[in-house]
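In what follows, a single structure is set out as structure tokens and then discussed.
The values are calculated or read from the model by the stated rules, or taken from the named source; none is laboratory data. Predicted, not measured: the structure shown is a model, and the values here were computed from it. Here the Cβ positions follow ideal geometry from the backbone for every residue, glycine too, while neighbour counts run over all protein chains shown. Please note that ligands, DNA and RNA were not included when accessible areas were found on the heavy atoms of the full protein model with its side chains. Shrake-Rupley method; radii C 1.70, N 1.55, O 1.52, S 1.80 Å.
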Amino acid sequence: MYIKIEIKQSTWSFRELIFAPLSRFLRQGCVTGFLLISIFLMTACSGTDNSSSSGNASRPLSADQEIRGWMILSDDVDGGLRTIQRAADYDINHLQISHHVIHDLRHVRDPKRLEIAKILTEAAKNAGIQEVAFWDRNLYPLSYYPDEFKTGPDGTINLDDPEFWDWLRNDYREMLDMAPPIEALILTFIETGARVENQYSETMKSDAEKLAAIVNAVAGVVIDEYGMNLYARTFAYDDEEFDWIVGAIDLFEHDEIRLMMKETPHDFFITHPLDVYAGQLARPTIIEFDTAGEYHGHGMVLNTFPEVFLNRFADYLRRDHIVGYVARTDRYGTTQIVDRPAEIHLKALSMYFEDRSTIPDDIYRKFITERYGDRAYPMLRAAFENSLDITLSTFYTLNTNSTNHSKLNHDPYPSSYGRHVSGEWMDPPVTYVQRGVNREFHYWKDIVNTLAPNWAKAGGTQLEEVPWVLEEGWLDQQENMNEEYLQFILTEKEYGVALAMENLKHLEAARPYLSNEDYEDLYHHFNHTLLTIRLHREAAAAYWGFRIYARGSEFRSDYLVSTLDAHWITC
């Protein structure tokens, strides 16, 4: 009597075939299961190549491999599949699936999210992408955890209870067993959910110890039991926060844990400086780039400024410990930038990673000529180069972001005047606004103190990250919006409108050299951009103009009244 096990080529990962079942059998004390798995393992090792249908083995990226990554945030399956199909053009070896699909690993328990994740994961493996990663954030909301562990003050989790950690590790095993075969987990371990630093412990005296404890528990399962890579996603807004993050990382028990940090010290704004902390930590680090424009148009308008990403990436790659990048390829819905002009940002990162002598001219020329042809290049190059000023004129106001995730709503967005102000990381906090204005401004004393409504200058959550702004007396509690600043704002918006109209002329000049499909696609894209900046111009005139009008009759100059009338506002 003998047992014959036939092994066929499969897209399953080694973890799905071996690690997960084996660990499950061992946890359950199943000797028979262990023997069967052992037979399977010996047979598989004797002559089976566990590879994807593309011939590229699905396995965690090794320590000596550079990381070329993309990220898919949207649950639009068709768009995700189209993005994955294009990954080979950029030698992508790492794909992150996040936000509307798997933002927390617990989302594998949602059948709809799990099905999308399976489709995208399988497509990635078939496309030859070596490492697929799901996002995760810890802790989840407090309601996720059993009440039996919430014995700390105010119903907080008692981190000194060993049964809580046993429960947590087993929860991760269950979730990973439910997930399709993946090779890595991206763990954001700060500012998430119940926030582990706010939970109770007598033995852990510092936030750093608590943060490290949660990462070490997850790593014990992800790395030790499932043979996966773990990337700790982190960011720091200031020196104090950086210090306790460093303290936590120093307590990581696994040298294999890598880091992922953003291209900017906060959210993704063009006017922000680089993150000074990235590369300072002695662990392999990848830089997360927002090439899809979360705060400036989602790639649905003309976002084509590769020099921004090239310059940032060049700086990071001169630092120690930077081993690669991951680029966001969409925002939400059908905002994928592949096959749209903003794909040039993906080209910028890829080209510079391949050749550090690459300059912006190389990127514009290669992308435009390959996509639209040599003869259309001069006209489209001119249009593409106008994009940065159009974007800054549209979604920013005097170099501060004035749109909530690209939405047209100025007043309800307090972060524009607090935690998103680029001056937070500048010393001195001054900026020079071009685009027809051509003047230097102090971010706080000039821009915020004038543009912000009183409630946004009063302190509270919107200014808690910048307490020195109030301490320095840079803001007062008066309505300061005035005619001079309205002129600055409208000058900037008109500048963007003029460039958007100029781009349509460039497109008409290129029309003889474009296919009908390319021309129609670009015409829609350029017109969408023009409509967007015009809408922002009208909204800016109405919002800030009415703020002046509301100050009283002495502020209602002929200029103000005529401006409001011209922008469809009846006084």
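Tabulated results
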{"read-out": "J(HN,Hα) series, the range 330-340, from Karplus relation 6.51 cos²θ - 1.76 cosθ + 1.60, nearest Hz, glycine and proline x", "value": "7, 10, 9, x, 9, 9, 4, 8, 5, 6, 10"}
{"read-out": "Straight-distance crosslink candidates among lysines, where the alpha carbon sits under 26 Å from K347 and sequence neighbours closer than 8 are dropped", "value": "K125, K262, K366, K505"}
{"read-out": "The chain: relative contact order as a whole-number percent, Cα under 8 Å and 6+ apart", "value": "11"}
{"read-out": "Descending Cα extents along the principal axes, the range 290-370, whole Å", "value": "36, 29, 16"}
{"read-out": "For Q96, residues with placed amide H under 5 Å, excluding near neighbours", "value": "W70, M71, I72, A133"}
{"read-out": "Estimated distance in nm for a label pair at E115 and D78, the labels positioned 7 Å out from Cα along Cα-to-Cβ", "value": "1.7"}
{"read-out": "Estimated FRET transfer efficiency when R0 is 35 angstrom, pair N404-E256 (beta carbons, to 0.05)", "value": "0.35"}
{"read-out": "Two-site label geometry, A566 and M426: point separation in nm, points 7 Å out along Cα→Cβ", "value": "2.8"}
{"read-out": "Charge sum, other residues only, whose C-beta stays under 11 Å from G299's C-beta, Lys/Arg counted +1 and Asp/Glu -1", "value": "-2"}
{"read-out": "Paramagnetic reach from S557 in the range 475-499 [backbone N under 17 Å; point 7 Å along Cα→Cβ]", "value": "480-492"}
{"read-out": "Solvent-accessible surface ranking, highest first, for I286, I223 at 1.4 angstrom", "value": "I223, I286"}
{"read-out": "Theoretical gain in end-to-end length, E202 to Q280 [0.36 nm per residue, Cα-Cα removed]", "value": "25.0 nm"}
{"read-out": "Potential lengthening between R511 and D91 on full extension [0.36 nm per residue; Cα-Cα distance subtracted]", "value": "148.0 nm"}
{"read-out": "Potential extension, R318-Y144 segment - 0.36 nm per residue separation minus Cα distance", "value": "58.4 nm"}
{"read-out": "Accessible surface, per residue, of the chain when the full set of protein chains is kept, probe 1.4 Å, Å²", "value": "41"}
{"read-out": "Separation of the V246 and D355 label points, Cα + 7 Å toward Cβ, nm", "value": "3.9"}
{"read-out": "Rounded Å value of the spacing that divides the Cα centres of the range 183-256 and the range 103-125", "value": "24"}
{"read-out": "Share antiparallel - DSSP beta bridges, the chain, percent rounded to 5", "value": "15"}
{"read-out": "DSSP H segments from the chain that extend 20 Å or more along their own axis, Cα-based, with Kyte-Doolittle mean of 0.0 or above", "value": "31-47"}
{"read-out": "Label point 7 Å beyond Cα of R439 along Cβ direction - residues of the range 492-531 with amide nitrogen under 12 Å", "value": "492"}
{"read-out": "From phi via Karplus (6.51, -1.76, 1.60), per-residue ³J(HN,Hα) for the range 419-427 in Hz, x at Gly/Pro", "value": "5, 9, 6, 4, x, 4, 10, 10, 9"}
{"read-out": "Magnitude of the charge dipole, the chain, Cβ model with Lys/Arg +1 and Asp/Glu -1, debye to 20", "value": "1560"}
{"read-out": "Under Karplus coefficients 6.51, -1.76 and 1.60, residue-wise ³J(HN,Hα) of the range 432-446 in Hz, glycine/proline x", "value": "10, 9, 8, 6, x, 7, 6, 8, 8, 10, 7, 4, 9, 5, 9"}
{"read-out": "Rounded to the nearest 10 Å², the accessible area of K445 at probe 1.4 Å", "value": "100"}
{"read-out": "Exposure of E131 as accessible area (Å², to 10), given a probe of 1.4 Å and all protein chains", "value": "0"}
{"read-out": "Carbon plus sulfur fraction of accessible area for the chain, probe 1.4 Å, in percent", "value": "50"}
{"read-out": "Two-site FRET efficiency, D224 against L535, from Cβ-Cβ distance with R₀ of 51 Å, rounded to 0.05", "value": "0.45"}
